[in-house]
Amino acid sequence: MTSTFHGIEIGKRAIFASSTALSVTGHNISNANTEGYTRQKAVTAASNPLTYPAMSAGKGPYQLGTGVDTTEITRIRDSFLDGQFRTQNEQLGYWNVKQDTLSKIEQTLNEPSDNGLQAVFDRFWQSWEDLSKEPDSLSARAVVLSNGTALADCLNQISNSIDHLSQDLKNNISTKMTEMNNLTKQVSGLNTQIAKMVASGQEPNDLMDKRDLMIDQLSKLADIEVKPAAGGMVDIFIGQKYLVNGDQSSTVSFDSTNNQPLLNGQNISLKSGELAGMVDSLTKDIPSYMAKINEMVTVFSSEVNSIHAGANAMNLDDIQNRKIDPNAALERIPFFVTKAGTSPTTAGDIMVNPLITASLNKIAAAQEASAGDAQNANQLNNLKFKVLSFSNQSTTLNQFYRTLAGEIGIKTQEALQMENNSDLLVQQAENRRQSVSGVSIDEEMTNMVRFQQSYNAASRYISVMDEVLDKLINGTGRVGV
């Protein structure tokens, strides 16, 4: 037979369940703006019933309910939506870096502008045209020297800027690797805490939120795969290799000599995320464009030098010497050299020959022993129209450079478009995720009123049972009194 206080027990359980639900609602409202927080819900179920009290107790189908129990406080979260968000987040991280790198290369070339390499080239060619009109003019020669020096300096600056960009990428990769290692250590530490709490029958929802937030941050760094493990833990993989294995975390590093990312000292291949973008920019984009710039410098300086130091090229000193001795040897001084005195092959080592810098007479504008001859200057001026042989095409120097600058501009725009698309997809994925996991203040306010009314009703029920018991205890046996 049921206890006389059975009704009090039902009311008590109802109050506890409503109080717990109100506490969960308050927790949701408090964390409505907390990054990474997942809406929680108190799950209730009817408690185990009692056999209906009767003379035939235990023989009939009747059972008497005992109220309600709060069975768990669960997170409202969809792992499928988490996976979608992280996949898009990886792409966003990748294109963020690619767009940033390509835009910096584009800014280095500074095209189109009055200070870009194309404008410097144009002024260099123009100075030779001006010199061809007055081959013995020292002022015209000074302009040739000035523009030649400006061109070499511009190429040096481009090379130095791209070298600095490469070094910045290496530094950023190391920084991101450190950040990644810190995150994986924290995830493995949270795995340990969560497993202990799950083993003791608790539900570490807030710890799981912290872990998921860190996994979201990891997803922007690299293409990770997250799999559930025993005891509420998760395992994280990169390319089928453990990044986090339960309570253990691996170490990522970067081999700056070979530009290779490592996981526990072994090579790994990154497909997306900020780190993949940095590695691709460092090992593909920058070397590719720098190789084309260096090829242009090699062909350009070789062609200029072949004319300026040609078999018949004469500077003012040569002309003077030939007037004294018609068979005097020509100096045949190359216009562009390196610090080592060799023919330039990279944008970083090209410079005007110090002999020319020291004396304007060394500029070879003639091919005959006459100060008024300008055949060499004309050839150098016409070089801008000459079709030259490059590794994969034959074209003029100006057209080669315009094609290169245009290619970089197009790639930058493509990267920007991909970045914008990825950002939009991340926002859409996050919106879908928040529609499930996010806290709605309006919904929580509605729940708060609902649970409050439930609490009030349970309290009123206990008051009724108290009156019933009072009548039973204090009124029984007082008939006629």
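The values are calculated or read from the model by the stated rules, or taken from the named source; none is laboratory data. A quick note: this is a predicted structure, and the numbers were derived from the prediction, not measured. Counting neighbours? That spans all protein chains shown, and the Cβs are built from the backbone with ideal geometry, glycine included. We work out accessible area using only protein heavy atoms, side chains counted, and drop any ligands, DNA or RNA first. Shrake-Rupley method; radii C 1.70, N 1.55, O 1.52, S 1.80 Å.
Does ALA195 satisfy the criteria of being under 17 Å from GLY348 (Cβ atoms), open to solvent by less than 30 Å² (accessible area, probe 1.4 Å) and assigned to a helix (DSSP H, G or I)?
Judged against the criteria, ALA195 is not a match.
Considering only the range 341-352, I want to know if a residue exists there that is of a type outside the set (A, V, I, L, M, F, W, C) and open to solvent by less than 20 Å² (accessible area, probe 1.4 Å).
Scanning the range 341-352, I find at least one residue that is of a type outside the set (A, V, I, L, M, F, W, C) and open to solvent by less than 20 Å² (accessible area, probe 1.4 Å), so the answer is yes.
Name the one entry in SER272, SER253 that is open to solvent by less than 60 Å² (accessible area, probe 1.4 Å) and within 16 Å of the chain's Cα centre (by Cα). Full working, then the answer.
Numbers: SER253 fails: within 16 Å of the chain's Cα centre (by Cα).
None of the other options fit; the residue is SER272.
State whether the residues of the range 450-467 include one that is surrounded by fewer than 12 Cβ atoms within 10 Å (Cβ to Cβ), acidic (Asp, Glu) and farther than 18 Å from THR20 by Cβ.
Among the residues of the range 450-467, at least one is surrounded by fewer than 12 Cβ atoms within 10 Å (Cβ to Cβ), acidic (Asp, Glu) and farther than 18 Å from THR20 by Cβ, which makes the answer yes.
Among the aliphatic types (A, V, I, L, M), without any contact (Cβ under 8 Å) to a residue 60 or more places away in the chain and either within 30 Å of ASN147 (Cα to Cα) or part of a helix (DSSP H, G or I) (or both): which single residue out of VAL426, VAL449, VAL468 fits that description?
From the options VAL426, VAL449, VAL468, the qualifying one is VAL449.
Of the residues in the range 292-338, how many are open to solvent by 10 Å² or more (accessible area, probe 1.4 Å), in contact with a Lys or Arg (Cβ under 6 Å, 6 or more places away or on another chain) and in contact (Cβ under 8 Å) with a residue 12 or more places away in the chain?
2
Residue under question is ASP168, and the condition is that it be modelled with pLDDT under 95, open to solvent by 50 Å² or more (accessible area, probe 1.4 Å) and closer than 30 Å to LEU380 by Cβ; does it hold?
Judged against the criteria, ASP168 is not a match.
Looking at the range 215-250 only, could you name the residues that are open to solvent by 30 Å² or more (accessible area, probe 1.4 Å), out of contact with any strand residue (DSSP E or B) (no Cβ under 6 Å at 6 or more places or on another chain) and either among the hydroxyl-bearing types (Ser, Thr, Tyr) or closer than 24 Å to LYS98 by Cα (or both)?
GLN217, LYS220, GLY239, TYR242, SER249
Go through the range 10-55 residue by residue and tally those that are open to solvent by 60 Å² or more (accessible area, probe 1.4 Å), over 52 Å from the mean Cα position of the chain (by Cα) and touching a residue at least 24 places away in the same chain (Cβ under 8 Å).
2
Which of the strands (runs of 3 or more DSSP E) found entirely inside the range 224-271 contain at least 1 residues meeting this: of a type outside the set (Phe, Trp, Tyr), farther than 25 Å from GLN193 by Cβ and without any contact (Cβ under 8 Å) to a residue 40 or more places away in the chain?
Details: elements: 225-228, 234-238, 241-245, 252-255, 260-263.
Strands (runs of 3 or more DSSP E) meeting the threshold: 252-255, 260-263.
Name every residue in the range 76-93 that is closer than 19 Å to LEU207 by Cβ, open to solvent by 50 Å² or more (accessible area, probe 1.4 Å) and touching an Asp or Glu at 6+ places or on another chain (Cβ under 9 Å), in order of residue number.
Result: ARG77, single match.
Residue check, ASN421 against (1) modelled with pLDDT of 90 or more; (2) touching a Phe, Trp or Tyr at 6+ places or on another chain (Cβ under 9 Å); (3) open to solvent by less than 60 Å² (accessible area, probe 1.4 Å), all met but one. Which one?
Among (1) modelled with pLDDT of 90 or more; (2) touching a Phe, Trp or Tyr at 6+ places or on another chain (Cβ under 9 Å); (3) open to solvent by less than 60 Å² (accessible area, probe 1.4 Å), ASN421 violates only (3).
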